Structure formats: C-alpha cells, structure tokens
Amino acid sequence: ITIVFAGGDGGRQVTATFTCDPSATTPTFGVSAENPPLNFNYQFTTNLACNSGPSPSPPSPGPSPSPSPGPAPSPSPGPAPAPSIPVISETFSAQVTEFVGGNFTHMTILHDFVNKKAVSISGASEELSRYDLGMSYTITSTGCTETPLTGGMPPAWGFLSACKYAGQTVHNSTKVDLWTETVGTLTITLGVRSDNTSVPVFLKIGTDSTMVFNSFEQASCLDSTHFEVPSSCSQTQPPPVSHPVLPRTFVAHINTTLASGHSESKMLWSNGVEELTLRETRGRSCADIVSTAPVGTFFGWISQAKLTKKSEGTETWSLSLGAKQQSLELTLVHGVPRTLVEPRATHQVVSFQALAKGQKPVMC
C-alpha cells in the first residue's frame, strides 16, 4: 500500500509505503521524501495481520447517524382465543350408535323441547318421555312400564353452559372441537364439528360409554305422531311430585367404592359457593383439601332428576346421562342423602349435616 502526502512548504511531498508479506514476522514500513529531507515521527501500535482473506476494514470515520427507526414491527400474534360455546338446537332428530363396554346399539332419537316430548327407539323397544303429561313410558314387546316424571324437561345440551374448551381431535376424517364438563366423578366430553359447531359428532360419558351421531338434523318442529302414547299405556296424568331441596351448606362423611374394588373415605364440605373434598388426617383434628368443585356438583343434579322409586320414607331419584345404562341415582331416607350410585362408583353417605352459613371444618 503506497500513500503519497503532498503540499506544505514548497509543495514538497512524502511517500509512505506499507508492505504486507504473510511470511514476514514484522511489517515493512518505508518513507521517502523530496529534498530537502523531512523529519518524521512514527510509531507502530500493532502488528499488521496478513492473510488470504479480505483486507481489514479502514478505521471508522466516527459514529454514523442513527438510522431512522422506521415503523415498529407488528406484535407477534398470541394464542388463538378459545371458540364460543356451541349452540345446538334442542329440537332435533338423530341417528346414533351407542357403545357401552364392548356392546353397541343403534338408536333413533327425537327431541322436541318446545312441546316437552322426547323419544328414543332401539329395535323393538321405545323410551317415551312426555313431560307435558308428567309421565315416562318404557314400551317393549311385552308391554308398557310407566314412571312419573317431575319438574320441567331438561335440555339435551344444558350441560354445555358449564363446559370448557379442550382442544381439537379428528374423528372419522372430521375435525372436531372438544368440550368437557365433570358431573360428580364423571367427565362428559362432547365433540362438535369444527366447521359447524351446531352439529354434534359424539358424546362420551366417563370411560365406558360413547354415543356417535351418524346423522343430526335440527328442526323447528317434529311430527307429533312420533310421541303418541300407545294404547297399552295409561294416559292419566299423575299428581305432581316435588324435587327434594338439599341444603347448600353441609358437611358429609362418605365411603366410596370404585368399580375396581378400591375403597376410600372422605369428607365433603359445601359452603354455598364451592364444594371441597377433604381427607381427615389420622390422629389430628383437622382435614386436608383434596379437590374443589362448584357448589352443587355432588348432589345439585337432583333438580333435573326424576323419581324412579318411592316407599315409606325412601325416595330414589335418577338422571340419565344420555346412555341407556349410564345414569346417576341418589337414594334419600327422610330427605337425607344416603346412597349415590354412579356408573363407576358407589358412594355411601355415612353422615350428612346441614351447616350454618360461614361454618367450616378445621383445615390442617
């Protein structure tokens, strides 16, 4: 590299030469000048690096002006919000296949919520619910069995209001949104079409029962002939039966036996806002919290149940979970809960005591 400096007194010049030799241990620096000779002071502050790569960049002339910041980058999108709870028609007809354990049943379901009527037909049997008459009819080839109905007709999809979005899955090549709710110790999962959330795809109750909707047609009304009571059944409207009203604040000691045979004891405490499942600590007068649930989770469903058995001082209330063999059944003795039967567990209520508002057990 040769640099020529010119000017100064008489236009004299000086030539500085830097030689880059990769094999040399020190750089070569030479200076020549016109006569009369000039005096120079110079000092090496570093060795010169020489290689076959690009030459070192010249020294920066100073800080460059800051570039314009330009438009701010768009914020990265966050996770997509959960979809809205599905809205499914309460008046519909459906062809379904129900899987319970290793068995399956094909059924036709007609549900007319406006006129308080519903029917499910499977082979030669028929379950007809006439809430307008306050009666349920089980019709088979051998006859008709009648059971009083109490309260209003429960909506088929009423449980959806308490459901939580649980992601997506694929069912028979159809993308499905999942919605779940826990009733007692059972988890209910409803799958609806992702591209049309008003169409159910399947309903799973616990681990043993699944109802697959082969077709689903919503309707504004249904032919009333589907809900006619056969002549083999009485059409006398029974006297109204009131649902039991259980206290919202209580403490109950419960022994639970699971279908697997495992047994456990626990204490259920409700303060009117939430229900706590507690485990008492042996040798200590206090309890540990095992789980929490909204108030009414354990017994609250009884307001939608129907009276299935009644004898002196004893009533049994049942709530169908959408499958013939899947239901909740609560037996009360003189208005006090004694036995709760679920598909996979039986709960014996050893003691049940109403509590004053604000009263609570001692926590560890």
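The values are calculated or read from the model by the stated rules, or taken from the named source; none is laboratory data. Because the structure is predicted, anything quoted here is derived from the model rather than measured. Don't worry about glycine lacking a Cβ; one is built from the backbone with ideal geometry, like all the others, and counts go over all protein chains shown. SASA here: full protein model, heavy atoms, side chains in, ligands and nucleic acids out. Shrake-Rupley method; radii C 1.70, N 1.55, O 1.52, S 1.80 Å.
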Seminar exercise, completed: segment 94-171: strands (runs of 3 or more DSSP E) wholly inside it with 1 or more residues that are closer than 24 Å to Arg344 by Cβ and open to solvent by 60 Å² or more (accessible area, probe 1.4 Å) are 103-112, 125-130, 164-171
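Would you check if Ser194 is on the phi > 0 side of the Ramachandran plot, at pLDDT 90 or above and open to solvent by 30 Å² or more (accessible area, probe 1.4 Å)? It would help to see each step written out before you state the result.
Numbers: on the phi > 0 side of the Ramachandran plot: no; at pLDDT 90 or above: yes; open to solvent by 30 Å² or more (accessible area, probe 1.4 Å): yes.
In short, no.
Quick grid of which residues meet (1) surrounded by fewer than 19 Cβ atoms within 10 Å (Cβ to Cβ); (2) farther than 27 Å from Pro343 by Cβ; (3) within 26 Å of the chain's Cα centre (by Cα); (4) at pLDDT 85 or above:
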position	(1), (2), (3), (4)
Phe213	no, no, yes, yes
Pro230	yes, yes, no, yes
Pro239	yes, yes, no, no
Ala252	no, no, no, yes
Arg279	yes, no, no, no
Problem set entry | Residue match in segment 258-270 (condition: outside any strand (DSSP E or B), under 29 Å from the mean Cα position of the chain (by Cα) and within 24 Å of Ser161 (Cα to Cα)) | no
For this session: Could you tell me whether segment 210-230 includes any residue that is free of Cβ contacts under 8 Å to residues at least 60 places away in the same chain and part of a strand (DSSP E or B)?
Result: no
Seminar exercise, completed: If we keep only residues of segment 178-189 that are under 10 Å from the mean Cα position of the chain (by Cα) and not hydroxyl-bearing (Ser, Thr, Tyr), then the residue surrounded by the fewest Cβ atoms within 10 Å (Cβ to Cβ) is Glu181
Seminar exercise, completed: With the first residue restricted to segment 262-276 and required to be touching a residue at least 12 places away in the same chain (Cβ under 8 Å), and the second required to be open to solvent by less than 50 Å² (accessible area, probe 1.4 Å) and acidic (Asp, Glu), Cβ contacts under 9 Å at 6 or more apart or on different chains are Leu268/Glu275; Trp269/Glu275
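Condition first: of a type in the set (Ser, Thr, Tyr) and assigned to a loop (DSSP other than H, G, I, E, B). Now tell me which residues in segment 185-209 satisfy that. Before you say what the answer is, go through the steps one by one.
So the first thing to find is which residues in segment 185-209 are of a type in the set (Ser, Thr, Tyr), and the list is 185, 187, 189, 194, 197-198, 207, 209.
If the condition is that a residue be of a type in the set (Ser, Thr, Tyr) and assigned to a loop (DSSP other than H, G, I, E, B), then Thr185, Ser194, Thr207 are the ones that fit.
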